[in-house]
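Read through the structure below, which is laid out as structure tokens, and then see the notes.
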Amino acid sequence: MVTTLANPTVDRARLAAGEAIQALAGELVELSRYIHQHPEPAMQETLSSAACADFLERNGFTVERGTADLPTAFRAEAGTPGGPRIAFLAEYDALPGLGHGCGHNLIALANVAAGVGLRAGLAELGVPGQVVVFGTPAEEAISGKAFMAEAGAFDDVDAALGAHPGTPEASCPTVEGSGQALACQAVRIEFRGQAAHAAADPYNGINALNAVIEVFNGINALRQHVRSDARFHGVITDGGHVPNVVPDFAAADFFVRAQTMAYMEELVGKVRRIAEGAALITGAELSFDTSEKPSWDMITNHTLATALKRNIDAVGLALPDAKAEEGSGSTDWGNVSYVVPSVETSYPIIDHMCTWHSREVVEASDSELGYTNTLLVGRALAMTGVDLVTDPALLTAIRAEFESSRATGPVTAR
Ligand SMILES: [Zn+2]
């Protein structure tokens, strides 16, 4: 099924986008395979980032490297100023010790392909309009997009699109309540106490480990009294060295997550009071650190998602219908979604259900089906870019949903 638009120039531009991707398909797959074969964890994506940026530069893009002071981020731009600016967000970080077990080499492929496709579409149209491919590092840790959003990297963009590989259940978040992700804050809790002989004069000691244990007990007591979307999960990173010395230093790392930024911040406040209580009980001195940037909850723009889904259908990629469901994981796309209308569709790269962040996904990320479907989704992204540039009413509707979801949504003002 191919969507027929009234304007033949638009049709030609949509076609040109697909043809440009087809002409470069071999090279694009090689780019993705290169990233797969050189898995680089968050903030170390030197080869992967350069490979994407170089590819875009060779194909007519003007590239700025080191965007938002992140050495492995980039901004690649093409087209004519004065019209809408459409962004595609490429990721390329791998999982330490596993490799591309989340398929981010395919995310790079989909969005770089979308970039070259839309560039060709814009050339065919001959109207003002720009395409920007952002290289967004460190999704799995650090939250690269959070830094980029805060630095204003996405402020001049009208819509941001992307695609993430998944299982046969993968869908495009077209309906209200779909495409959610949890807000997430990392919390570092440290206690400093007083060392003493644990048998001879324990009364002279202040036990920092006891304070950490009380934090876990307090959070477990809190679990009964929070909404079902709340998540607390922690590990003890420091808990003393030997039994006969009262631990004078102990520490734990926690993630606190919730469906909205506002509720997540409320929960972080409760965890803080638990930690203060533990300090009071034990006499240990507390350090409570929330300086790591939070991932914001994802506000998917369903008007934009619906426009994308039309093109996913048009290129023949069959996806199940989206359904409303609570977010489970978190993503730094959330931070982008507060700044610019956003959609990240999911699509299948494997023909059966499987555990994510696994060896199976490492294999699927370098498979025939993975590359085929990723090129298709790249084409759908590019065609959506053509639609956005040529349909002002669509862009207006997307903007209106963005404004209203921010106004009525659980927004903690930036
Ligand atoms: Zn991922």
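The values are calculated or read from the model by the stated rules, or taken from the named source; none is laboratory data. Remember, predicted model here, so these are calculated numbers, not experimental data. No Cβ is skipped: glycine too gets one built from the backbone with ideal geometry, and neighbour counts run over all protein chains shown. Just the protein is used for accessible areas: all its heavy atoms, side chains included, with ligands, DNA and RNA removed. Shrake-Rupley method; radii C 1.70, N 1.55, O 1.52, S 1.80 Å.
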Just need a number here: residues in the stretch 21-34 that are open to solvent by 20 Å² or more (accessible area, probe 1.4 Å) and touching a helix residue (DSSP H, G or I) at 6+ places or on another chain (Cβ under 7 Å). 3
Can you report the number of residues in the stretch 270-304 which are open to solvent by less than 20 Å² (accessible area, probe 1.4 Å), closer than 30 Å to Ser405 by Cα and in a helix (DSSP H, G or I)? 2
Cβ-Cβ under 7 Å pairs, at least 6 apart or on other chains, the stretch 106-130 side within 15 Å of Arg14 (Cα to Cα), far side assigned to a loop (DSSP other than H, G, I, E, B) and of a type in the set (S, T, N, Q): Val116/Asn59
Kindly check whether there is at least one residue in the stretch 149-167 that is within 16 Å of the ligand (Cβ to nearest atom) and either open to solvent by 40 Å² or more (accessible area, probe 1.4 Å) or out of contact with any helix residue (DSSP H, G or I) (no Cβ under 7 Å at 6 or more places or on another chain) (or both). yes
List pairs: first in the stretch 328-343 and open to solvent by less than 10 Å² (accessible area, probe 1.4 Å), second of a type in the set (Asp, Glu) and away from the ligand (no atom under 15 Å from the Cβ), Cβ under 6 Å, 6+ apart or cross-chain? Gly334/Asp297
Where in the stretch 1-118 are the helices (runs of 4 or more DSSP H), entirely inside, with at least 2 residues that are among the hydrophobic types (A, V, I, L, M, F, W, C) and at pLDDT below 95? none
List the number of the failed condition for Gly126; all other conditions in (1) at positive phi; (2) surrounded by fewer than 21 Cβ atoms within 10 Å (Cβ to Cβ); (3) within 16 Å of the ligand (Cβ to nearest atom) hold. (3)
Positions within the stretch 41-77 being open to solvent by less than 10 Å² (accessible area, probe 1.4 Å), touching a Leu at 6+ places or on another chain (Cβ under 8 Å) and over 16 Å from Met148 (Cα atoms), in sequence order: Cys52, Phe55
Would you confirm whether any residue within the stretch 247-267 is part of a loop (DSSP other than H, G, I, E, B), in contact with a helix residue (DSSP H, G or I) (Cβ under 8 Å, 6 or more places away or on another chain) and of a type in the set (Lys, Arg)? no
Out of everything in the stretch 187-215 that is surrounded by fewer than 18 Cβ atoms within 10 Å (Cβ to Cβ) and not in a loop (DSSP other than H, G, I, E, B), what residue ends up being nearest to the chain's Cα centre (by Cα)? Arg188
Here's a check for you: in the stretch 129-148, which residue that is within 16 Å of the ligand (Cβ to nearest atom) and of a type in the set (Val, Ile, Thr) is surrounded by the most Cβ atoms within 10 Å (Cβ to Cβ)? Thr136
I'd like the residue in the stretch 255-269 that is surrounded by fewer than 21 Cβ atoms within 10 Å (Cβ to Cβ) and among the small types (Gly, Ala, Ser) and, out of all such residues, is farthest from Asn207 (Cα to Cα). Ala262
